[in-house]
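Structure first, then comments.
What follows draws every value from the coordinates through simple rules; no lab data is involved. Predicted, not measured: the structure shown is a model, and the values here were computed from it. In this analysis, Cβ positions are derived from the backbone assuming ideal geometry, glycine residues included, and neighbour counts consider all displayed protein chains.
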Amino acid sequence: MRGAVLYAPGDVRVEDRPDPTIEEPTDAVIRLAATCVCGSDLWPYRGIEPVNGPSPMGHEYVGIVEEVGRDVHTIKPGQFVVGSFFASDNTCEICRAGYQTSCIHRQPGAPTGAQAQYARIALADGTLVATPDQPDPDLVPGLLAASDVLGTGWFGAVAAGVEPGKTVAVVGDGAVGLLGVLAATQLGAERIIAMSRHEPRQQLAREFGATDIVTERGDEGVARIKDLTDGLGAHSVIEAVGTQESMMQAIRSTRPGGHVGYVGVSHDVRLPGEEMFFSHVHLHGGPAPVRRFLPELIDLVCTRTIDPGKVFDLELPLDEAAEGYRAMDERRAIKTLLRP
Ligand SMILES: [Zn+2]
């Protein structure tokens, strides 16, 4: 099969790789219908995370089940399935509490890399969710978004306590932040302030339900959020970047008693204890338990209630993955969909 491998920062190659096979009796092998490049793939691509030898890339996937191991009972060959970046048994006490990304049997969801024609999926019964029917082709991008960025934005909104009547601010205008806006809309937020200085992303934020746009960032961004909320700050803030600046922007934009849902992968963030103590802000976040939300998200996509696939503004054949990475790195594309 063909699959993307990162050799060094800036060096992604699509090459012939071994076809994945069933290695554990709980595995499935799927044929990818679509895959994509994640914002978190850009951390090693940019050399901010180390690249330890050639690494198969990709952890977002939808496709058709080709084969299952002998201990897979609910997932069947021929089903169209959506999974997530971590595999989970979906039965342990942590999974049942809705934190499948901390499953006691957690492991990479697609260890052979999902930017490929085929992928091995671990713990198939717990990890994969089948769609009710074979989806129409135009629904595939939305289902692919559910695999990570929609599920992550959704968790950000839930962790931020978004409810009807609340004012929500979203820090970060990548795919996760934009889908955090969509999630906040679906969860009934009254007012949604998207923080973005990029016109095409502002436009998509508005399509997803943003009521206000703030272009300032850092302390000026915080001041604008306060201006828009009677000096109090937002009830709920979704942090979808993962840097020191974005995290402090999120915390300082939140009113006392409010909630920050942080889903940007944290890189060298240090929280000041005394400021946290006096802030009265709730912090919750981490790697999104996408599996918790998948059945609901699949239903919303398949009934055409939401169209999260709009975040894919560049579509390329898998063999052109390197250009897909470059376009996202240079912020020419919000998110690249790859056709295997
Ligand atoms: Zn579990």
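Mind pulling the angle between the C-alpha long axis of helix 175-186 and the longest principal axis of the chain? Nearest 10 degrees, somewhere in 0 to 90.
Helix 175-186 sits at roughly 70 degrees to that axis.
Can you sort T91, T254, T305, T101 so the residue with the fewest Cβ neighbours within 10 Å comes first?
Listed from fewest to most nearby Cβ atoms, that is T305, T91, T101, T254.
Mind listing the long-range amide H neighbours of G63? Cut-off is under 5 Å, sequence gap 5 or more, other chains count too, H placed in the peptide plane at 1.01 Å from N.
A33, V81
If the elastic network links every pair of Cα atoms under 10 Å, which of F277, F208, F312 fluctuates the most in the Gaussian network model of the chain?
Taking springs between Cα atoms under 10 Å, the residue moving most is F277.
Which whole-Hz ³J(HN,Hα) couplings does segment 66-78 yield from phi under the Karplus relation 6.51 cos²θ - 1.76 cosθ + 1.60, θ = phi - 60°, glycine and proline marked x?
Per-residue couplings from phi come out as 8, 7, 10, x, 6, 9, 9, 10, 9, 8, 10, x, x Hz.
Which residues' amide hydrogens lie under 5 Å from the amide hydrogen of M195, considering only partners 5 or more residues apart or on another chain, with H built in the peptide plane?
V170, G172, V214
Suppose every Lys and Arg Cβ carries +1 and every Asp and Glu Cβ carries -1, with no other charges. What dipole size does segment 175-301 come out with about its Cα centre, to the nearest 20 debye? Each step should come with its number before you reach the end.
Numbers: 12 positive and 16 negative charges, 39 e Å.
Here segment 175-301 has a charge dipole of around 180 debye.
Straight-line reach from K335: which lysines have a Cα under 18 Å away, not including same-chain ones fewer than 8 places off?
Partners within reach: K310.
Could you compute the net charge surrounding I22? Neighbours are other residues with a C-beta less than 15 Å from the C-beta of I22; K and R count +1, D and E count -1.
-4
How far is helix 218-228 tilted off the main Cα axis of the chain, in degrees rounded to 10, range 0 to 90?
Result, in degrees: 70.
Of T215, Q115, T229, whose Cα points farthest to the positive end of the dipole of the chain (charges on the beta-carbon: +1 Lys, Arg; -1 Asp, Glu; origin at the Cα centre)?
T229
Residues with amide H under 5 Å of T336's amide H, sequence separation 5 or more or different chain, H placed in the peptide plane at 1.01 Å from N; which?
Counting only residues 5 or more places away or on other chains, the set is V37.
Can you give the net charge of the other residues whose Cβ lies under 14 Å from the Cβ of G47, counting K and R as +1 and D and E as -1?
The answer is -3.
Hey, what number do you get for the chain at 222 nm if only DSSP H runs of n ≥ 4 count, each worth -39500 (n - 2.57), divided across all residues, to the nearest 500?
Calculated mean residue ellipticity at 222 nm is -8000 deg cm²/dmol.
Given N residues in the chain, what is its alpha carbon radius of gyration divided by 2.2 N^0.38 Å?
This ratio for the chain stands at 0.96.
From the backbone phi of segment 43-56, what are the Karplus-calculated ³J(HN,Hα) couplings (6.51 cos²θ - 1.76 cosθ + 1.60, θ = phi - 60°) in whole Hz, Gly and Pro given as x?
4, x, 4, 8, x, 7, 9, x, 9, 9, x, x, 10, x
So for the pair E323, R206, with labels modelled 7 Å out along Cα→Cβ, what separation do we get in nm?
Going by the 7 Å Cα→Cβ label model, 3.1 nm.
Past the 17 angstrom mark, what percentage of all C-alpha to C-alpha distances in segment 151-285 do you count?
On the way: 4440 of 9045 pairs.
Looking at segment 151-285, the distances longer than 17 Å represent 49 percent of pairs.
Which net charge results when you count Lys and Arg as +1 and Asp and Glu as -1 among the other residues whose beta-carbon is under 12 Å from that of V269? Before the final figure, lay out each step's value.
Working: positive: R270; negative: E239, E245, D268.
Neighbourhood net charge equals -2.
With springs only between Cα atoms under 10 Å apart, run a GNM on the chain and tell me which of D11, D268, D148 wobbles the most.
D268
Using a Gaussian network model of the chain whose springs link C-alpha atoms within less than 10 Å, name the residue from G165, G113, G39 with the highest mean-square fluctuation.
In this elastic network of the chain, the residue with the biggest mean-square fluctuation among G165, G113, G39 is G165.
Enumerate the aspartates and glutamates that K226 could reach by cross-link, defined here as Cα to Cα under 14 Å, with residues fewer than 8 away along the same chain left out.
Filter leaves D212, E216.
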